[in-house]
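Here's the structure, in structure tokens; my notes come after.
Nothing in this text is a laboratory measurement; each read-out follows from the coordinates by a stated rule. Everything numeric in this text was worked out from a predicted model, so none of it was measured. Glycine gets a Cβ as well: all are built from the backbone with ideal geometry, and neighbour counts include every protein chain shown.
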Amino acid sequence: MRHLRVVRAQKIADDIFEFELQDPAGAALLPFTAGSHVLVNTPSGEERKYSLCNDPLEADRYVIAVKRDANGRGGSLAMCDQVKAGDMLAISEPRNDFALVKSFAGYILIAGGIGITPILAMARHLLNEGASFKLYYLTRNRASTAYADELSQPPFKGKVVIHHDEGDPARAFDLWPVLEKPRGHIFCCGPAGLMESVRDMSGHWSKTAVHFEAFTDGHTIKPEDKSFSVRLAKSGVSYEVPAGQPILDVLRKHGHHVPYSCASGSCGSCRTGLISGDVDHRDFVLQDGEKSSQIMVCVSRGRGGEIVIDL
Ligand code: FES
């Protein structure tokens with residue numbers, strides 16, 4: 001971790017706060033690519049993952065935006081309520097689980113709410129590159145829309161569609177005309193409902209052309225989660241997976257090297273064969289037709305009893 005100074009902390013939309021971080025001695029920061037995030041040690045002691053939303057060409061600063069989640073585990077509250085200009089924060093080096101790939105047919109960027117943060121860095125990068133893209137930015141209302149002014153003006157004007165649903169599902173933006181004909185690459189970050197609908201509407205796209213990033217760092221915990229056992233088909237060994245712990249952690253704890261990257265169900269690295277068992281799939285990768293035979297072990301879980309995986 002490296003300690004950076006908060007040189008600016010300000011509210012930029014309802015419940016969204018932006019923080020600009022620099023090296024206290026003015027040194028250059030580690031470079032990053034569009035879609036990267038850093039881990040931040042928040043004042044609550046919780047470590048949180050935040051996307052870098054400034055231009056990756058900027059070598060002297062990182063900018064993150066944080067949504068204040070009153071029902072969260074305290075990391076975002078501590079960031080938004082306690083961190084002020086002049087404070088120091090411990091920050092990891094940038095890491096990218098949501099990297100842009102070369103697309104000669106252009107890019108469709110889809111952001112829901114605070115999911116704009118990695119998408120904004122992508123849009124800045126694509127502008128620098130002169131690449132063709134369209135950004136669909138879907139939020140509840142204008143007041144909750146971070147960066148609305150910037151994205152409504154040149155050089156973004158004409159490349160960005162901002163839509164507010166005012167909290168009414170009947171007024172949700174219809175993405176089907178955008179996704180009906182596969183062309184280029186999709187990059188989507190937003191709430192689970194948005195990512196699920198993009199995943200469902202892009203089932204006819206090549207898997208390699210559709211990219212998601214989830215907000216969560218780590219698996220989703222649900223109050224109804226139960227412990228279950230996971231059996232590895234090749235060795236027959238079985239492990240108990242307690243409520244509150246992902247299968248991935250249990251496997252790694254027992255020395256099994258399952259590839260993984262995002263640990264949030266969006267990158268596809270931990271895809272594992274599923275042989276049997278009742279699974280609650282919580283990822284944004286698998287299509288419906290794949291769910292009976294595959295599982296993303298970083299987020300998905302058994303509903304109780306035993307699941308058997310192809311390891
Ligand atoms: S590690 Fe990325 S989907 Fe599981």
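Summarising the amide proton neighbourhood of VAL7: residues at separation of 5 or more, or on other chains, whose placed amide H is nearer than 5 Å comprise GLU20, LEU21, GLN22, GLY86.
Over region 2-91, the ratio between the Cα radius of gyration and 2.2 N^0.38 Å evaluates to 1.01. Mean sequence separation of contacting Cα pairs (under 8 Å, at least six apart), scaled by the length of the chain, corresponds to a relative contact order of 14 percent. Here the Karplus curve 6.51 cos²θ - 1.76 cosθ + 1.60, taken at θ = phi - 60°, turns the phi angles of region 114-129 into couplings of 5, x, 5, 4, x, 5, 5, 4, 5, 4, 4, 5, 5, 4, 4, 7 Hz, with x standing for Gly and Pro.
This ranking places CYS188, CYS80, CYS267 by how few other beta-carbon atoms lie within 10 Å of each, fewest first, which gives CYS80, CYS267, CYS188. Under 1.5 on a/c is rounded, so check that first for region 107-213, then, if it is not, pick prolate when a/b is larger than b/c and oblate when it is not; a ≥ b ≥ c are the square roots of the alpha carbon gyration tensor eigenvalues. Cα axes put region 107-213 in the oblate bin.
Let's test the formula: R0 of 22 Å, r as the Cβ-Cβ distance of GLU129 and SER206. What FRET efficiency results, to the nearest 0.05? Walk me through the numbers before you get to the answer.
Values: r = 22 Å, r/R0 = 1.00.
It comes to 0.50.
Placing dummy labels 7 Å off each Cα toward the beta-carbon, the span from GLN153 to VAL7 is 2.1 nm.
Length available on full extension from SER276 to ASP23: 0.36 nm per residue minus the Cα-Cα distance, which gives 86.0 nm.
Extending 7 Å from Cα along the Cβ direction at SER238 and again at ALA105 yields two label points whose distance is 4.7 nm.
With contacts taken as Cα pairs under 8 Å and at least 6 residues apart, region 1-149 reaches a relative contact order of 29 percent.
As a proxy for reagent exposure, ranking MET1, MET201, MET122 by other Cβ atoms within 10 Å from fewest up yields MET1, MET201, MET122. In order along region 81-87, phi translates into HN-Hα couplings of 8, 10, 7, 9, 4, x, 5 Hz, rounded to whole numbers, per the Karplus curve 6.51 cos²θ - 1.76 cosθ + 1.60 with θ = phi - 60° and x for Gly and Pro. Cross-linked pairs LYS67/LYS291; LYS181/LYS222; LYS49/LYS84: Cα-Cα separations exceed 28 Å for LYS67/LYS291; LYS181/LYS222.
Taking 4 °C and 1.567 mPa s as conditions, region 228-309 diffuses translationally at an estimated 104 µm²/s according to Stokes-Einstein applied to its Kirkwood radius (Cα pairs).
Loop-located GluC sites (Glu not before Pro) in region 131-194 (DSSP state not H, G, I, E or B) with no more than 15 neighbouring Cβ atoms inside 10 Å: GLU166, GLU180.
Convert 10 °C to kelvin, take the viscosity as 1.306 mPa s, use the Kirkwood radius over C-alpha pairs of the chain as Rh, and evaluate the Stokes-Einstein diffusion coefficient in µm²/s, rounded to a whole number. Mind showing how you got there, number by number?
Values: Rh = 20.5 Å.
Rounded to a whole number, D works out at 77 µm²/s.
With θ taken as phi - 60° and the Karplus curve 6.51 cos²θ - 1.76 cosθ + 1.60 applied, the whole-hertz 3J(HN,Hα) list for region 23-31 is 5, x, 9, x, 6, 5, 9, 4, x Hz, x standing for glycine and proline. For region 163-306, relative contact order (Cα pairs under 8 Å, six or more residues apart, normalised by length) works out to 22 percent.
Once both labels are positioned 7 Å from their Cα atoms along Cα-to-Cβ, the gap between ASP55 and ASP69 label points is 3.1 nm.
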